[in-house]
Each structure stands twice: as C-alpha cells, then as structure tokens.
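FYI, it's all coordinate maths here, none of it is from the lab. Keep in mind that this is a model prediction, so the values were computed, not measured. Using ideal geometry, Cβ is built from the backbone for each residue, glycine included, and neighbour counts are taken over all protein chains shown.
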Amino acid sequence: MTDRQIIATENAPAAIGTYSQAVRVGDTVYISGQIPLDPATMEVCSQVFADQTRQVFDNLAAVAKAAGGDLSDIVKLSIFMTDLSHFPTVNEIMADYFQLPYPARAAVGVKELPKAVQIEMEAIMVMGTIK
C-alpha cells in the first residue's frame, strides 16, 4: 500500500461521507469535491451562483493550505455545474483566485449535485518544484 497522508481542516466543510477532504501521496495532493458549504455551519452558503462559486474556491484554498500549499499549487481543476450557462461567472471569479500559469481545467454539466448546490470542484495539487 502506498504511503498516504490524510489532510483535514476545520476551515473547510467536514467530509459528509466515506471520504477524506484530501489525500497526499508523495508530492501530489488529491482534493475531494468541495461544495459551497460554510464550514462553520455546514449549510449551503447562499442560493446565488456567484456566492456559491466563491465559497467553493475558499473551501479549496482552506484544504490546500492544510496540505501545506495554496491554490497556485493546483495543476488540475475539475468543475461540475448544474447549469453550464454560468461558466462565464466561473471564469470571472476564478481570475480573482488564480494567476498565470492557470491549472488545467475541465468543466462538466451535471444533472444534480449534493444538497442541491449549483457547483462542485475537485483538484489535484503538486507540491514543490516541478522540473
């Protein structure tokens, strides 16, 4: 079995199922899907898509920090939305959280997400210098 470190923080929503917030294997951190839950209340932060998107990025940032990194260490970001017409909003808000070079990214339209939220994101981080 590969050595793995489980990443957990109170600054992001607690896992609500049989998963970890993130798992580090070597220099790679796999961040589980984050939805727009306020970590203090474990409730959906808002019904407004832009607010939900910001909360998801804040949750990703909190898990990244707990792993010893930050959003700039994310190399792959997967975004799941219940309405792809909101994608321009994601791009606009993402520019507030990321700078060049941007991570590789996928955006997928889905029928529904947990707790009836409109957006979920998962990420892969690589820690340290890439050579």
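Name the residue, out of T9, T18, T2, T41, that is under 18 Å from V126 (Cα atoms) and assigned to a loop (DSSP other than H, G, I, E, B).
Numbers: T9 fails: under 18 Å from V126 (Cα atoms); T18 fails: under 18 Å from V126 (Cα atoms); T41 fails: under 18 Å from V126 (Cα atoms).
The unique qualifying residue is T2.
Selection over the stretch 32-61 of residues that are in contact with an Asp or Glu (Cβ under 6 Å, 6 or more places away or on another chain) and either hydrophobic (A, V, I, L, M, F, W, C) or without any contact (Cβ under 8 Å) to a residue 24 or more places away in the chain (or both) gives a count of 2.
Taken together, the residues in the stretch 62-90 that are under 22 Å from A116 (Cα atoms) and either free of Cβ contacts under 8 Å to residues at least 12 places away in the same chain or out of contact with any strand residue (DSSP E or B) (no Cβ under 7 Å at 6 or more places or on another chain) (or both) amount to 6.
Has the stretch 99-116 got any residue that is surrounded by 15 or more Cβ atoms within 10 Å (Cβ to Cβ), in contact with a helix residue (DSSP H, G or I) (Cβ under 7 Å, 6 or more places away or on another chain), in contact (Cβ under 8 Å) with a residue 24 or more places away in the chain and not small (G, A, S)? No, that holds for no residue.
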